Amino acid sequence: MNAAVPRPVIEDQPVFMAAAFAHDVLAGLAAEPKTIPCTWLYDREGSELFEAITRTQAYYPTRAETGLLQSHMAELATLASGPVAVIEIGAGSITKTRLLLSVLPAATAYLPIDISAEFMLESLASLRLDFPGLPCIPVIADFTDRDSLHKAIARCPSHARRLAFFPGSTIGNLTPDAALDFLNALGESLGPGSLLAIGADATSDADILKRAYDDPEGITAAFNLNLLARVNRELGGDFRLETFRHEARVNQAKDRVEMHLVSNTNQEVNVLGRAFHFREGESIHTENSHKFGNIRFEHLAARAGWRSQMVWKSSEHQFEFHVLDRPAEPALTF
Ligand SMILES: C[S@@+](CC[C@H](N)C(=O)[O-])C[C@H]1O[C@@H](n2cnc3c(N)ncnc32)[C@H](O)[C@@H]1O
C-alpha cells in the first residue's frame, strides 16, 4: 500500500463489523424467505468482481453515468465554485471521482466512505498520485447506519461547503423507505447549503435489466456466489458453491431487479455451528436494485428536503444524474 495514504478512520470497528456480518447471515438464513443484505457482497473479492462487472458490455449503468459526468461536469463546477469538501458515499474504485475533482480546483478535502476497506484504500492510493495536494480522510463505515454516517461527515473541515458525491445508483440498493431515511439523514448531517450529486437509474426495459444483472460472461454470477464463499471463509460455513446458481429477477411490481442464490437441491448448510435447511429451488435474496422510472428520484429527494438544481439524462438508457441542494428551510412538499 502507498505510504502516503492517511490512516483510515474506522467508524465501525472490525470486530463489530464481523459481529454484524455474523448476525445478518444467521438471522437472514433463519428468515422466511431467506435474505442477506447486499452490503456484505463487498469484501475485497466482491469489490474486484463488481469492478469487472462495470467493464462488461451488458452493464450499461457505468457507461451511461460516466458519459453524463464527462458531458456535464463543468455545469456542476459552476454550482460548486469556491472551497468545497467532497464526501463520496460508497466510493469503491474512486474512478468517477477523478472527473469531479478535476473541475473543483478549490476542493479543500476528500472524504471517501466505504465498507470494503482494503479495496477503497488501494483505490485512494491511486487517486492521490493524481491529486497529491488534496487532504484525504478515508472512512471505513456503514453509510446506512445514521450514527456512523453522521460521525464520518463531522470529520469534514467545517469552513468549506459540503458536496456529497454518490454515483453508481447505489441508492437503488435501498428500498424507497430506506432511501428516504438515508437522504434525510444525509441532509441533516451535511447541513444547510450543502450539495448532493447522485446517480439514479430509471431504466425499466426488462431485457436490458436482466442482461445487465446476469451478464453472459458470468461475472455477476461470480460476484453473487462470492457471498457464499465469504461466509465459508469468515464464518466457518460449508456452502457447496456448485449447488447454488445465480438468478436475476425483474420484479416489475416493485420497480426493481433482484439477485438471488437458488439452491439446486434439497440440502443442509452449516454456518457458525448452526444448520439451515434449503428446499430445491429455494433462494437467498441477496440484492435489490430499485429503478427510478416510476418512483421518481426527484420526488423522493424532495420529500427528504433536497431541492433539484440539475438533472442530466442519458440518451441511450434511462440513467439520470441529479444535482440538488439543501436549502436552509426544507421546502414543503405535498
Ligand atoms: C454499486 S457499488 C458503486 C461503486 C462506485 N461508487 C461506482 O459508482 O461504481 C457500491 C459501493 O458501495 C459500497 N457499499 C455498499 N454498501 C455499503 C454500506 N452499507 N456502507 C458503506 N459502503 C457500502 C460498496 O463497497 C461499493 O464500493
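Where the accessible area of the chain is counted over protein heavy atoms with a 1.4 Å probe, how much of it, in %, is carbon and sulfur? It would help to have the intermediate numbers written out before the result.
Numbers: 7510 of 14230 Å².
Exposed carbon and sulfur together represent 53 percent of the surface.
From Cα pairs below 8 angstrom and at least 6 apart in sequence, can you work out the relative contact order of the chain, rounded to a whole percent?
Details: 642 pairs, mean separation 69.0, N = 334.
Value for the chain: 21 percent.
Towards the positive end of the charge dipole of segment 204-303, with charges on Cβ (+1 Lys, Arg; -1 Asp, Glu), say which of ASN232, LEU300, VAL269 has the farthest Cα.
Value: LEU300.
Enter the angle in degrees (range 0 to 90, nearest 10) between the Cα long axis of helix 44-54 and the first principal axis of the Cα atoms of the chain, meaning the one along which they spread out most.
Result, in degrees: 70.
Using a Förster distance of 22 Å, how high is the FRET efficiency between ALA58 and GLN252, based on the Cβ-Cβ distance and rounded to 0.05? Please list the in-between numbers first.
On the way: r = 20 Å, r/R0 = 0.90.
So, using R0 = 22 Å, E works out to roughly 0.65.
Using Cα-Cα distances under 8 Å and only pairs 6 or more residues apart, what relative contact order does segment 180-334 have, in percent? Write out the running numbers ahead of the final one.
Details: 274 pairs, mean separation 47.3, N = 155.
Relative contact order, segment 180-334: 31 percent.
Which aspartates and glutamates does LYS151 reach when only Cα atoms under 20 Å apart count, and residues fewer than 8 places away in its own chain are ignored?
The qualifying aspartates and glutamates are GLU11, ASP12, GLU88, ASP114, ASP142, ASP181, GLU188.
At 7 Å along the Cα-to-beta-carbon direction for both VAL311 and ALA206, put a label point, then send me their distance in nm to one decimal.
2.6
May I ask you to give the solvent-accessible area per residue for segment 174-243, in square angstrom, as obtained with a 1.4 angstrom probe?
On the way: 2620 Å² over 70 residues.
Ligands and nucleic acids excluded, the figure is 37 Å² per residue.
Using the beta-carbon distance between SER71 and ILE10 and R0 = 35 Å, what value does 1/(1 + (r/R0)^6) give for FRET efficiency, to the nearest 0.05? Let's see the in-between values first.
Details: r = 37 Å, r/R0 = 1.06.
Between SER71 and ILE10 the formula returns 0.40.
Please check: in the Gaussian network model of the chain (C-alpha springs, under 10 Å), which one of ARG161, ARG146, ARG279 has the largest mean-square fluctuation.
Looking only at ARG161, ARG146, ARG279, the largest GNM fluctuation is found for ARG279.
Looking at segment 226-334, I'd like the Rg to Rh ratio, where Rg is from alpha-carbon atoms and Rh is Kirkwood's inverse mean 1/r.
Working: Rg = 20.6 Å, Rh = 17.4 Å.
Answer for segment 226-334: 1.18.
Remind me, relative contact order of segment 53-141 in percent, using alpha carbon pairs under 8 angstrom and six or more residues apart? It would help to have the intermediate numbers written out before the result.
Numbers: 107 pairs, mean separation 24.1, N = 89.
After rounding, I find 27 percent.
For segment 224-279, max minus min Cα coordinate along each principal axis, in Å, sorted largest first?
38, 23, 19
Let me spell out the model: positive unit charges on the Cβ of Lys and Arg, negative unit charges on the Cβ of Asp and Glu, origin at the Cα centre of segment 252-313. What dipole size does that give, in debye rounded to 20? Before the final figure, lay out the partial values.
On the way: 9 positive and 7 negative charges, 100 e Å.
The dipole of segment 252-313 has a size of about 480 debye.
Helix 14-30 versus the longest principal axis of the chain: what is the Cα-based angle in degrees, 0 to 90, to the nearest 10?
Approximately 50 degrees, to the nearest 10.
Hey, what do the phi angles of segment 116-126 turn into as Karplus ³J(HN,Hα) couplings, whole Hz, using 6.51/-1.76/1.60 and θ = phi - 60°, x for Gly and Pro?
8, 4, 4, 5, 5, 5, 5, 5, 5, 4, 5
At SER81 and ALA31, where each label point lies 7 Å from the Cα along Cα→Cβ, what is the point-to-point distance in nanometres?
Between SER81 and ALA31, the label points sit 4.8 nm apart.
Under 27 Å from the Cα of LYS313, which lysines turn up, not counting those fewer than eight places away in the same chain?
LYS96, LYS210, LYS254, LYS291
Report the charge-dipole magnitude of the chain in Debye, nearest 20, computed about the Cα centre from +1 at each Lys and Arg Cβ and -1 at each Asp and Glu Cβ. Write down the numbers at each step before the final one.
Working: 30 positive and 42 negative charges, 134 e Å.
Magnitude of the dipole: close to 640 debye.
Just to be sure I understand: if I project the alpha-carbon convex hull of segment 97-225 onto a plane and average over all orientations, what area do I get in nm²? If you can, show how the numbers build up before the last one.
Details: hull surface 38.7 nm².
With every direction weighted equally, the projected area is 9.7 nm².
Could you state the angle between the C-alpha long axis of helix 219-235 and the longest principal axis of the C-alpha atoms of the chain, as a value from 0 to 90 degrees rounded to the nearest 10?
70
Between exposed GluC sites (Glu not before Pro) in the chain, where DSSP calls loop and at most 11 other Cβ atoms lie within 10 Å, what's the longest gap? Provide the component values of the computation, followed by the final result.
Numbers: sites that count: GLU280, GLU316.
Of all site-free stretches, the longest is 1-279.
Just name one of LEU69, GLY82, THR144: the one whose Cα is farthest towards the positive end of the charge dipole of the chain (beta-carbon charges, Lys/Arg +1, Asp/Glu -1).
So the residue furthest toward the plus end is GLY82.
The values are calculated or read from the model by the stated rules, or taken from the named source; none is laboratory data. Computed from a prediction, not measured in an experiment: that's the story for all the values here. Neighbour counts run over all protein chains shown; Cβ positions are idealised from the backbone, glycine included. Just the protein is used for accessible areas: all its heavy atoms, side chains included, with ligands, DNA and RNA removed. Shrake-Rupley method; radii C 1.70, N 1.55, O 1.52, S 1.80 Å.
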